[in-house]
Amino acid sequence: MEYTKLAAIYDKLMAEDVDYDKLCDQIELCFDRYHAKPHLIADLACGTGSVTSRLSKRGYDMIGLDLSVDMLDNAKKKDPTSLYLCQDITNFELYGTVDAILCMIDGFNYIIDDSDLIKSFLLAKNYLNPGGLFLFDMSSFYKLSTLLGNETFVYDDESIFYTWENEFDPELAICSSYITFFVKENQVYHRFDEEHIEKARQTEDVIHLMEKVGFSDIRIFDEHFLTPTPTSNRIFFSSIINK
């Protein structure tokens with residue numbers, strides 16, 4: 001997965017689909033529901049820091065982790081006060097424990113093997129303080145298999161044009177996305193291609209993996225903070241480390 005060229009236009013594309021202010025409201029609402037008062041938060045797969053920077057402005061000390069240097073460069077421009085680490089979320093290392101760990105907007109969908117996802121969950125558990133909150137979201141099995149499935153999408157505005165083709169493998173539960181971009185620079189369009197591979201997991205399977213590493217009192221909700229339905233697009237998972 002190559003984010004070098006995508007990093008420059010990532011925020012513009014994501015603004016079409018994600019209300020980051022609302023997402024941060026949901027995160028804080030989750031804090032309230034658990035009566036959690038985190039001070040230091042790690043944001044896994046933080047990308048260009050859209051969540052990290054907003055939570056930083058709301059008064060939290062933030063650590064953003066991502067594997068893409070280019071994404072992190074953009075994140076630092078938004079929020080130079082937070083700490084950013086270029087690390088793989090299946091094998092990350094923090095300087096100490098934190099009060100909450102987040103992973104928003106499909107970060108864990110990009111982890112294909114269950115063994116690697118377990119590694120991430122174990123690291124999250126080990127780096128959380130007693131009473132610390134683990135909160136993440138994933139695109140649902142329904143979204144990846146049906147809404148994206150084998151569909152093709154086209155986006156066009158004055159500066160960006162792309163075609164987005166999806167293939168879903170029902171045996172492997174893998175959604176492969178092939179995106180061709182044409183980005184306008186100085187009246188000239190430059191082409192680049194992206195391939196993204198995401199794993200579709202059933203909600204109960206994710207819960208089972210969380211329980212396997214020792215998380216308990218696992219709560220789930222959809223993008224509207226309601227009980228997920230079979231057609232929910234996004235599922236949030238949360239658990240708090242026992243004191």
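The values are calculated or read from the model by the stated rules, or taken from the named source; none is laboratory data. Owing to the predicted nature of the structure, the values given are computational and were not obtained by experimental measurement. Positions of Cβ are generated from backbone atoms using ideal geometry, with glycine treated the same way; all protein chains shown enter the neighbour counts. These area figures cover heavy atoms from the full protein model, side chains too; ligands, DNA and RNA do not enter into them. Shrake-Rupley method; radii C 1.70, N 1.55, O 1.52, S 1.80 Å.
Structure values in brief
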{"read-out": "Search result, residues across region 19-48 that are hydroxyl-bearing (Ser, Thr, Tyr) and within 15 Å of the chain's Cα centre (by Cα)", "value": "20, 48"}
{"read-out": "Checklist (1) out of contact with any helix residue (DSSP H, G or I) (no Cβ under 6 Å at 6 or more places or on another chain); (2) open to solvent by 60 Å² or more (accessible area, probe 1.4 Å) applied to residue 72, failing item", "value": "(2)"}
{"read-out": "Selection within region 221-243 - surrounded by 17 or more Cβ atoms within 10 Å (Cβ to Cβ) and closer than 21 Å to residue 119 by Cα", "value": "235, 236, 237, 238, 239, 240, 241"}
{"read-out": "Members of region 181-196 that are over 16 Å from residue 12 (Cα atoms), surrounded by 13 or more Cβ atoms within 10 Å (Cβ to Cβ) and out of contact with any Phe, Trp or Tyr (no Cβ under 6 Å at 6 or more places or on another chain)", "value": "194, 196"}
{"read-out": "Verdict on residue 125 being of a type outside the set (A, V, I, L, M, F, W, C), crowded, with 18+ Cβ neighbours inside 10 Å and within 23 Å of residue 207 (Cβ to Cβ)", "value": "no"}
{"read-out": "Tabulated pairs, region 122-142, first under 11 Å from residue 241 (Cα atoms) and assigned to a strand (DSSP E or B), second of a type in the set (Lys, Arg) and open to solvent by 60 Å² or more (accessible area, probe 1.4 Å), C-beta under 7 angstrom, 6+ apart or interchain", "value": "130/243; 131/243"}
{"read-out": "Only listed residue being in contact with a Ser or Thr (Cβ under 9 Å, 6 or more places away or on another chain) and surrounded by fewer than 19 Cβ atoms within 10 Å (Cβ to Cβ), chosen from 61, 66", "value": "61"}
{"read-out": "Subset of region 200-220 (residues that are buried (at least 21 other Cβ atoms within 10 Å of the Cβ) and not aliphatic (A, V, I, L, M))", "value": "201, 215"}
{"read-out": "Of all residues in region 146-179 being open to solvent by 30 Å² or more (accessible area, probe 1.4 Å) and among the polar types (S, T, N, Q), the one that is nearest to residue 233 (Cα to Cα)", "value": "146"}
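Every residue, every condition in (1) open to solvent by less than 40 Å² (accessible area, probe 1.4 Å); (2) of a type in the set (S, T, N, Q); (3) touching a helix residue (DSSP H, G or I) at 6+ places or on another chain (Cβ under 9 Å), yes or no:
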site	(1), (2), (3)
49	yes, no, yes
95	no, no, no
100	yes, no, yes
106	yes, no, no
